[in-house]
1. Where does each of Asp295, Asp268 land when they are ranked from fewest to most other beta-carbon atoms within 10 angstrom?
2. What lysines does Lys243 reach when the alpha-carbon gap must be under 23 Å and sequence neighbours fewer than 8 apart in one chain are set aside?
3. Please sort 93-102, 172-181 by packing, taking for each peptide the average over its residues of neighbouring beta carbons within 10 angstrom, highest first.
4. Could you tell me which of Ser269, Ala300, Cys221 has its Cα farthest along the dipole of the range 190-302 towards the positive end, charges placed at Cβ (Lys, Arg +1; Asp, Glu -1), taken about the Cα centre?
5. Can you tell me how much longer the chain between Asp260 and Thr86 gets when fully stretched, taken as 0.36 nm per residue apart minus their C-alpha distance, in nm with one decimal?
6. Exposure proxy check: Ile152, Ile110 ranked by fewest other beta carbons within 10 Å?
7. Computed FRET efficiency, Cβ-Cβ of Lys243 and Val299, R0 30 Å: what is it to the nearest 0.05?
8. Could you tell me the largest-minus-smallest coordinate of the C-alpha atoms of the range 212-287 on each of the three principal axes, in descending order and whole angstroms?
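Derivation of every value follows stated rules applied to the coordinates shown; laboratory data play no part. Worth saying up front: this structure is predicted, and the values here are computed from it rather than measured. Neighbour counts are summed over all protein chains in view; Cβ atoms, including those assigned to glycine, are modelled from backbone coordinates with ideal geometry.
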Amino acid sequence: MLWRGRRASGNVIDRRGSTGRRPGFRMGGGGLGGGLGGGLGGLRNLGGGGWIGLVIVIGVALLFGSNLFEGGGRDTSVSPGGSVGTPEQEELAQFVAVVLADTEDTWNAIFQQEGRSYDEPKLVLFTGAVDSACGFADAAVGPFYCPGDEQIYIDLSFFQEMARRFGAPGDFAQAYVVAHEVGHHVQQELGIMQQVNELRSRAGGAGSNELSVRLELQADCFAGVFANHADETKGVLEPGDIKEAMDAAAAIGDDRLQKDATGTVRPDSFTHGTSAQRQKWFNAGYRSGRIRDCDTFSVASP
């Protein structure tokens, strides 16, 4: 990915080196808006319910423009942290800031086409553990988005784990991670996340898990939309970049993670989608560049 010498986002908060742990409190399954992979430490979405009614609401909204867009005016100023890592880690932090800036440009442009405003999320860099509005989390949960404070949380060591443990190296694999979490913020902005979580609260077991899968696959698709727009407007992609993203999507599929961890696969327990599904929906967003083609809720089988 061509990223050097381009704008870095001012919405990065650097909390590396400070955990701020609250004794006796730990993030559970009830507060998160979305994480990259359910098998990376138990990350789960908010509770929710059956999805039939959501098909009509979200399907129509994505196809025709819609009232799911929500305006805003939240202050996006941050207090940047100092340099706390190795030169390699600092370069990676700079890379993440540039990718975040690219997502801002992409989603601001898409929202403006609808005559609406996009409230940019903040991205928190942390080391080891962090407090959020969704609770306390350690690095084992992987990157996650918290709708309570509309912030994305990433421990940069995850990218090393992704390359070494999951066999998904490359800078655009890392960009895919950021874009996926920003995709959850887009869902929050559109009102999709709230609707899904309300429905999940009335469903149980497999019904709730199915909604979670559809939500995660849509975030993958939104990451693909980002890749399309970033390349079209800035020419950021290099040969092999899309393959890196596709390899990353495959590496964190529920089926692969379960198979590697336990030797068995239980589809009824999936919360993020299979490797094939995650690749399919990222590719759908990348090929079309349109959010209307990311309606994972109106298809019979995502």
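1. Arranged by neighbour count, lowest to highest, Asp295, Asp268 become Asp268, Asp295.
2. Filter leaves Lys234, Lys259, Lys280.
3. Values: 93-102: 22.1, 172-181: 26.9.
The peptides rank, most packed first, as 172-181, 93-102.
4. Ala300
5. Numbers: separation 174, 0.36 × 174 = 62.64 nm, distance 3.14 nm.
So the extension gain works out to 59.5 nm.
6. Numbers: Ile152 30, Ile110 20.
Ranking Ile152, Ile110 by Cβ neighbours within 10 Å, fewest first, gives Ile110, Ile152.
7. Details: r = 25 Å, r/R0 = 0.84.
Computed FRET efficiency for Lys243 and Val299: 0.75.
8. The Cα atoms of the range 212-287 stretch 42, 23, 13 Å along the principal axes, largest first.
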